[in-house]
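The structure appears right after this line, and notes come after that.
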Amino acid sequence: MKRQRATQPRRILIVDDEEGFRDMVADLLSLEGYVVAVASDAVEAVRLMPEFRPDAILLDLRMPHLDGEGFLRGMSGLPASKQVPVVLISAKDDLAAVASRTGAAAYLCKPFEAPQLLSLLEKVLP
């Protein structure tokens, strides 16, 4: 069931190196009325940020080239990233500690159910 949205669809950037997971989440969010962009790693996400201007970012922590924590450290210097909530998504054991240390808005442990993700997005979106 689609949720009621503001007049402008919310824009979500999914950053994850697992193509199947990325596509599954993108499909789910698209069906819910979100506008979605995907990046296979944090380097690609940095390139997408200025043009896509996401309302929220779903970020995996374990990725090649630049991991999620590195992305969060560098994100503060991007004008397009001001006040963009980041939801960490990972199977990493200490996800709560990483979220606290990095200032992420929230976290979700893999695997998770679709309603968990949708509920969490509603909470973190401005």
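In segment 69-83, the residues that are aromatic (Phe, Trp, Tyr) never reach a residue that is loosely packed, with under 14 Cβ neighbours inside 10 Å and modelled with pLDDT of 75 or more with C-beta atoms less than 9 angstrom apart, at least six apart or across chains.
Scan segment 7-39 for residues that are of a type in the set (S, T, N, Q) and under 19 Å from residue 50 (Cβ atoms) and report the count.
Looking only at that region, the number is 1.
The values are calculated or read from the model by the stated rules, or taken from the named source; none is laboratory data. Everything numeric in this text was worked out from a predicted model, so none of it was measured. Reconstructed Cβ throughout: ideal geometry from the backbone, glycine too, with neighbour counts over all protein chains shown.
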